[in-house]
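Before any comments, here is the structure.
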Amino acid sequence: MNSDLARRHFLQLFAALTAVGSTATATTATAAVAAERVTSEGGSGRFPLVSKRRAATIAVSGGDHPGVLRVADDLRADVERVTGIRPALVVDTIPAGDVVLIGSLGRSRLVDGLVAARKLDVTGIAGKWETSLTEVVRTGGGRALVITGSDPRGTIYGAYDLSRRIGVSPWYWWDDVPPEHRDELHVDPGRHSLGTPFVKYRGIFINDENPALGTWAPRYFGPGHAPGHPGGFTHEFWEKIFETVLRLKGNYVWPAVWGRAFAEDDPLNHATAKRYGIVMGTSHEAPMMRGIEEWNRHAVPAVRDADGNIVTPGHDPYGGTGEWSYRRNPEAIRAYWADGIKRMVDEDFEGVVTVGMRGNGDTRLPDGDSIELMRSILAAEQEVLATVTGRDPASVPQVWTLYKEVMRYWEKGLRPPDHVTVVFPDDNWGNLCKLPDRSLPPRAGGYGLYYHFDYVGVGRNYKWVDTCAIANVWEQLHQAAEYGVTRLWVANVGDFKGNELPAQFFLDQAWRPMPLERLPVWERDFAEQNFGRRTAVAIAAVLNTYGRLQARRKPELLNRRITLDGSTIVYDDKQTPFSLVHYRELDRVTEEWRALGERAERIAARLPAAFRDAFFELVLYEVKATANLYELRRAEFTNIFYAGQGRALANDLAITAEARFADDLALAERFNTQVAGGKWRGFQTQPHIGYGDVERYGPNAPWQQPEKDNVALPDEIFPPVQRITVSGPAEMGVAIDGSDQWWPSSSDTAVLPEFSPFQSQPAQFIDVFNRGGQPFDCSIRAAVGWLVVTPGKGRVSKQLRAELHVDWSRAPKGRTRVPIVVSGAGRTVTVEAVISNPDVPRAWREGFIEANGYVSMEAEHHSANIAAGDVKWRRIPGIGRTGAGMKPFPVTAASHEPGRGPRLEYRMTLLTPGEVTVWAYLSPRAAVLPTPGLRYAVSFDDVAPQIVDVIAATGADHTGMNRQWERLTSDNVSLTATRHVIGAPGPHVLRFWMVDPTVVVQKLVVDTGGLRPSYLGPPESKRL
């Protein structure tokens, strides 16, 4: 069987299986479904969409929903994009011959006629929510490819599904993705349905849109309709958003809020949403269908007497006194809310109403957090809804989003009316804050989720490029789904463009949650959707690696180190978080990014020219720009480090850092002026390098984005690079691996990190550097021949690095100290190498082995995975900062007593008896369940397990956003420790026990006394 035919059979089988339900909760329209496939060849039963230079006519009913009439025209345009042939469109008739009939049940008389004539069976979709059906049926004059839906959006999704299958990417406009040209398009026979969506309302939040989207949109779409306010967010702009959301099978939008008012910036905006079939909402800070910007535009300042009473109330038909306070200004606010609901009724658009109240400007209420006050606010909103709509408020879809401080109302027992959907947020960094208590009765309004791919706030804004790892997103969304969060999902996608991959993944999961095993297939399909089959596997691999590397730390945080000084958290915005001296960490991570950038460049060179703009927008820019930023930071911080030691090489690194800054600007300039003929001019304007410069940007600089000025190049790099004066005669300096000191300046003995035959790093190094202006000759000689120095001598203009290896076949057993004499420029420095060559009995050699004072293990590399009943640890590839993670499944499992739950075992040989510390690197999760905290347990051998409450140990408050939480989310890891006593050297077994089901363990490190500070932890130890 050839590969194409094999793939086709696989896809047909997969579709047939998954149509029945990819998860226990997925719903489908029909019991027996065949895969719909579009091919370039005709065949028995296939429908000729385009054949022999002729396209099948598209037919609609004039009485259908405007969104259906519009999508029919989109399908015509999509067919033309692929084949160059535009189908004809007819209304209210089914012509003879082959025809594509698009219509909604109960709205299209053409479809209803086929149903009445029993030519189309819709029993599998009738009465369902947003469910489509595509089937070829016989008509009086020929055949019809019928695309219908249980409601208009179901029909729209069916039409866009055909567009995607003929090769039109949902991102064809936003990322200039060209379809592959095909002369013929034939649709396989059979019934096909996308099924019924798992989540009812699925959407996006355009937010934090300045400066990128806010700069580009006014240039592309022109001025707005509110004098004195930003333009660009016109109905033409929103048409592009709405179309793409529908192509991604979403249905719900929160509009932009930064100085923008959706209803006022263009009076056609709400009508456009209605015409497209989009459900409108408002963000967590904007109750009753009115953005806070409307209040700010219309409110008139209040005048108060000495007692604080309003004596001169302002008046505006849309605003109030100017004080956003329900306690002190309830009448004006109720009137303001009533106007928002009245507008929804008068304009008859579909909406989900936000209830509750937060402070003006995405803050907490100025009135305090009294439960009684919030209870009165919720009650007043129900009264307004009843009065204005004339309906039972329970019939109006509503949400209350428990964002930040609002979660505390829920924790204190406040509950909104049962028909209100309660939306649980993440912590702004992709970690869920709360899940429903499954022991309680279900809510009529159900539960929702508010998730972030973009954020403005402490510990630092992240707005520049996509930084999500879909493995982490999958794990959190899967957990939400399994706990019954199914009514509404909305994701903050920032500028929209730039977060395409996570936005599509989020909406795909909301439509039908996919199993973990499908993640690689999804990544490949995303690449194939946008770049074709030939390069899909290679591009998917680049995107997967990109997401894993980005998940280590946001690019905006590459110049912030967060450490613990006792119990105090210390922030330093002039340091790299990656170690410059231990485990070559900064070099290693930078080289990983450099290699990824080169892989992406090689793919770009192989792509047809037509795809290169799209590849730059969707892949190459974010990969190359981030790799370049790592190169900049390595040069910058190495420069600062070297300048402190007077190394002549420091000035070269300053030049390198500035060159990488110029490359950063050049990549942005290419995005803004060259890609797609300059279509995206002004879009790539997000600052990402100057964070933390308090002197220049003020007290919020550590977390708020810097505003760039037109200044000299070096001034934009923070902390600034340093230049030193290098002149005079040669002066030798010596630095060694694993130390921030240099010799002969230091009075300490220069001792290299321990050499071991079991270490994962094969070599150490010695740097011989020049502090003067003249070159010199140097020699580096070890006292024994089995300690190999390469090179052993050389001429030092600025710096020479010598690598040291041990010939273990000649090295003596036991512990040996070997002097290494470094000579040059009239100086001599002696460096000591410590060689540990233990005589480890063969019987001990099992599992990991200690070297350099630690054992480091990726959690996935366990010796045994032992279940407890039906609960077992499961590997999640790519969720860890340095590898996979392990998590108990099913995620709804009950908590277990320490020592009785499922466990992971790690066999190891420890050579150092006494007290050891086990560091657990965990994903930074909150206590989302009603259990007390978030717990795991650790034991050695047969000793009783030690239980750890992660929340108590870290002190992190995911809803209050305290400093402990800032540290966890910035570092993207929760690091906790237990201490154990090892009685004797030899083989031992570390056991990691599940207590609560939501723990994700990434890595375990046993410190036997030699662990050195680093961001990612030491490289993994050897396994024997």
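Quick check: Cα centre of region 326-362 to Cα centre of region 31-91, how many Å?
Between the Cα centre of region 326-362 and that of region 31-91, the gap is 43 Å.
Cα axis of helix 3-19 to longest principal axis of the chain: angle in degrees, 0 to 90, nearest 10?
The helix 3-19 is inclined about 70 degrees to the chain.
Would you work out the relative contact order for the chain, in percent, from Cα pairs under 8 angstrom that are 6 or more residues apart?
8 percent
Within the set of other residues whose C-beta is less than 13 Å from the C-beta of Ala117, count the net charge using Lys and Arg as +1 and Asp and Glu as -1.
Charge balance near Ala117 sits at +2.
Using Cα atoms only, what is the angle between the long axis of helix 212-221 and the major principal axis of the chain, expressed in degrees (0 to 90) to the nearest 10?
40 degrees
With respect to the cross-link table entries Lys554/Lys1022; Lys119/Lys274; Lys240/Lys554; Lys497/Lys679; Lys200/Lys887, which display a Cα-Cα separation exceeding 20 Å?
Lys554/Lys1022; Lys119/Lys274; Lys240/Lys554; Lys200/Lys887
Within 10 Å of each candidate Cβ there may be at most 10 other Cβ atoms; applying that plus a DSSP loop requirement, which GluC sites (Glu not before Pro) in region 830-900 survive?
Hits after loop and neighbour filter: nothing returned.
Can you compute the FRET efficiency between Asp346 and Ile85 using 1/(1 + (r/R0)^6), with r the Cβ-Cβ distance and R0 = 51 Å? Round to the nearest 0.05.
So the FRET efficiency works out to roughly 0.75.
If one computes the Cα centroid of region 725-759 and of region 945-994, what distance in Å separates the two points?
34 Å
Given R₀ = 41 Å, what would the calculated FRET efficiency be for Arg327 paired with Arg219, taking r from the Cβ atoms and rounding to 0.05?
Efficiency, from the Cβ-Cβ distance: 0.45.
Once you wrap a convex hull around the alpha carbon atoms of region 94-218, what is its projected area averaged over all directions, in nm²?
Averaged projected area of region 94-218's Cα convex hull equals 10.4 nm².
Under 12 Å Cα to Cα from Lys813, which aspartates and glutamates show up? Leave out anything in the same chain fewer than 8 places away.
Asp839
Compute the convex hull volume of the Cα atoms of region 842-1007, divide it by the residue count, and report the result per residue in Å³ as a whole number.
115 Å³
Tell me the trypsin sites (Lys or Arg not before Pro) within region 42-144 that lie in a loop according to DSSP and have at most 12 other beta-carbon atoms within 10 Å.
In loop regions of region 42-144 (DSSP not H, G, I, E or B), the sparsely surrounded trypsin sites (Lys or Arg not before Pro) are Lys52, Arg53, Arg118.
Taking every DSSP beta bridge with both residues inside the chain, roughly what % is antiparallel (nearest 5)?
Of the beta bridges lying entirely in the chain, close to 70 percent run antiparallel.
How many nm separate the modelled label positions at Thr931 and Asp957, each set 7 Å beyond the Cα in the direction of the Cβ?
So the label points at Thr931 and Asp957 sit 2.4 nm apart.
What whole-number value in cubic angstrom gives the convex hull volume per residue for the C-alpha atoms of region 201-514?
Cα convex hull per residue, to the nearest whole number: 134 Å³.
What aspartates and glutamates does Lys872 reach when the alpha-carbon gap must be under 18 Å and sequence neighbours fewer than 8 apart in one chain are set aside?
Counting by Cα, and skipping residues close in sequence, Lys872 has these aspartates and glutamates nearby: Glu475, Glu482, Glu517, Glu858, Glu860, Glu897, Glu905, Asp996.
Compute the long axis of helix 152-166 from its Cα atoms, compare it with the longest principal axis of the Cα atoms of the chain, and write down the angle in degrees, 0 to 90, nearest 10.
Taking the Cα atoms of the chain, the angle to 152-166 is about 50 degrees.
Given points 7 Å out from each Cα along the Cα-Cβ axis, report the Thr917 to Glu236 separation in nanometres with one decimal.
With each label placed 7 Å out from Cα toward Cβ, I get 6.1 nm.
To the nearest whole percent, what portion of all C-alpha pairs in region 731-803 is separated by more than 17 angstrom?
When every Cα pair of region 731-803 is considered, 48 percent fall beyond 17 Å.
For Arg86, what is the net charge nearby, where nearby means another residue's Cβ is under 11 Å from its Cβ and Lys, Arg count +1, Asp, Glu -1?
Summing Lys/Arg as +1 and Asp/Glu as -1 gives -1.
How many angstrom lie between the Cα centre of region 526-546 and the Cα centre of region 918-935?
34 Å
In nm, to one decimal, how far is the Lys798 label point from the Ala763 one, both placed 7 Å along Cα→Cβ?
2.0 nm
If R0 is 41 Å, what FRET efficiency do you get for Thr892 and Ser395 from their C-beta distance, rounded to 0.05?
Using R0 = 41 Å, I get an efficiency of 0.80.
Read-outs throughout are calculated quantities, based only on the coordinates presented, and are distinct from any laboratory measurement. Just so it is clear, the structure is predicted and the values come from calculations on it, not from any experiment. Ideal geometry is used to build each Cβ from the backbone, glycine not excepted, and the neighbour counts take in all protein chains shown.
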